[in-house]
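K.L.:
So that we are looking at the same thing, I have put the structure below in structure tokens.
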Amino acid sequence: MTVKQIREFLDNKPGYKKEGAKRLAVKLTADGYTASMKSCKRALREARATDKYNSKQARVMIYDIETSRQRADVWWSGKQYINGNNLVGDPNVISIAYKWLGEEEVHCLKWDKNMCDKKMITTFLREYNQADMVIGYNNDRFDNKWINTRALKHSLEVNTLVKSFDIMKQSKSIFRLPSYSMNYLAKFLGVQTKLQHGGLAMWDAIQYGTKKEGKKAMKMMLEYNIQDIIVTEQVFLKVRSYMKMPIHLGVMVGQAKTSCPSCGGSHVKLHKTTVTAAGTVQHIMKCKDDNVKFKISNSQYLKMED
Ligand SMILES: [Zn+2]
């Protein structure tokens with residue numbers, strides 16, 4: 001058996017990771033395989049290191065919200081200016097979908113039957129406030145501010161200083177695209193978006209429809225919300241090597257500054273050496289796992305060489 005095959009065996013029977021190489025070799029022989037002690041030792045060492053690394057992953061959350069519309073009282077139809085005095089009540093959050101990067105499950109929350117978002121926001125903030133970084137589409141201008149606002153409304157604690165990776169904002173500064181909508185970018189990257197948006201009728205049904213209409217439209221909104229999360233994650237994985245990480249996810253979990261800021265891994269190589277205008281030598285490193293490039297100082301680089 002190759003080390004890779006033994007690793008696969010260990011993935012299926014993780015209990016053997018706690019045993020020694022000798023015990024593992026005996027088990028493999030009993031199962032009719034041939035594996036050297038050396039391969040067993042190496043496979044165990046690798047599997048344990050991977051587990052240790054995985055357990056120390058930073059908490060990165062991908063999330064997206066859907067919000068209700070603002071109501072306003074107006075005198076008549078036609079083009080007009082609506083000021084704060086025309087507004088009736090305040091808009092709130094209808095649903096939130098989120099997922100932790102590296103995990104399979106997509107979580108979904110919705111407002112209560114009275115269209116109040118307090119309980120949902122309270123539940124969501126327990127997760128959001130734990131995030132080392134959040135990822136979204138236009139979330140710096142939209143979702144993050146909405147979460148802050150609803151926390152303020154309900155006097156809840158929120159991490160207003162959350163580190164945020166806004167795919168739309170970064171796309172605008174790096175790429176010249178004819179449209180910066182998420183749908184366009186997804187299509188541009190060949191990421192599948194199956195569901196079509198229900199449009200305004202969906203909001204009408206949720207906010208003003210009968211119970212039956214509301215239920216049906218809510219189901220649709222949640223599905224759309226969940227799809228957005230999956231699409232956002234796929235888009236993120238495709239664009240991240242071109243973008244800047246707002247936080248060093250390696251240092252966050254106790255790795256060296258020379259580890260990859262995106263995945264925290266240490267499979268990095270020198271990509272290019274550069275010099276600043278002031279004459280300081282810098283090294284551009286590249287992660288072999290996700291192709292993310294990042295700069296480190298010469299002294300950090302020299303430490304790495306040792
Ligand atoms: Zn990486």
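K.L.:
In region 279-292, how many are within 10 Å of the ligand (Cβ to nearest atom) and either loosely packed, with under 12 Cβ neighbours inside 10 Å or not hydrophobic (A, V, I, L, M, F, W, C) (or both)?
P.N.:
Number satisfying all stated conditions: 5.
K.L.:
Hand me the list of strands (runs of 3 or more DSSP E) wholly inside region 74-190 holding 1 or more residues that are within 19 Å of the chain's Cα centre (by Cα), surrounded by 15 or more Cβ atoms within 10 Å (Cβ to Cβ) and among the basic types (Lys, Arg).
P.N.:
Passing ranges, in order: 93-100.
A quick yes/no check of all residues on (1) within 10 Å of the ligand (Cβ to nearest atom); (2) assigned to a strand (DSSP E or B):
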site	(1), (2)
Ile247	no, no
Ser259	yes, no
Cys263	yes, no
Ser266	yes, no
Leu270	no, yes
Ala277	no, no
Phe294	yes, yes
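K.L.:
Additional query: So if I check each of Ser173, Ser179, which one is in contact with a Leu (Cβ under 9 Å, 6 or more places away or on another chain), more than 22 Å from Trp100 (Cβ to Cβ) and of a type in the set (S, T, N, Q)?
P.N.:
Sole residue among the options that is in contact with a Leu (Cβ under 9 Å, 6 or more places away or on another chain), more than 22 Å from Trp100 (Cβ to Cβ) and of a type in the set (S, T, N, Q): Ser179.
K.L.:
Only one of these conditions is not met by Gln282: (1) more than 25 Å from Ser173 (Cβ to Cβ); (2) part of a strand (DSSP E or B). Which number is it?
P.N.:
The one condition Gln282 does not meet is (1).
K.L.:
To continue, here is another question. Test each condition in (1) farther than 13 Å from Tyr63 by Cβ; (2) touching a Lys or Arg at 6+ places or on another chain (Cβ under 7 Å) for Asn86 and report the one that comes out false.
P.N.:
Status for Asn86: all satisfied but (2).
K.L.:
Taking the condition of being within 12 Å of the ligand (Cβ to nearest atom) and of a type in the set (A, V, I, L, M), how many residues in region 231-245 meet it?
P.N.:
2
K.L.:
Being farther than 21 Å from Asp117 by Cβ, surrounded by fewer than 19 Cβ atoms within 10 Å (Cβ to Cβ) and touching a Leu at 6+ places or on another chain (Cβ under 9 Å) narrows it down to one residue among Val239, Val235; which is it?
P.N.:
Being farther than 21 Å from Asp117 by Cβ, surrounded by fewer than 19 Cβ atoms within 10 Å (Cβ to Cβ) and touching a Leu at 6+ places or on another chain (Cβ under 9 Å) holds for just one of Val239, Val235, which is Val239.
K.L.:
Please go through region 166-175 and give me each residue that is touching a Phe, Trp or Tyr at 6+ places or on another chain (Cβ under 7 Å) and either touching a residue at least 40 places away in the same chain (Cβ under 8 Å) or under 20 Å from Met61 (Cβ atoms) (or both), ordered by number.
P.N.:
Matches in region 166-175: Ile167, Met168, Ser171, Ile174.
K.L.:
Does any residue in region 15-34 that is under 19 Å from Ala49 (Cα atoms) come within less than 9 Å, Cβ to Cβ, of a residue that is aromatic (Phe, Trp, Tyr) and at pLDDT 90 or above six or more places away or on a different chain, and which pairs are these?
P.N.:
Once the first residue is under 19 Å from Ala49 (Cα atoms) and sits in region 15-34, its partners that are aromatic (Phe, Trp, Tyr) and at pLDDT 90 or above give Tyr16/Phe9; Leu24/Phe9.
The values are calculated or read from the model by the stated rules, or taken from the named source; none is laboratory data. Source: prediction; values computed, not measured. Backbone-built Cβ (ideal geometry, glycine too); neighbour counts: all protein chains shown.
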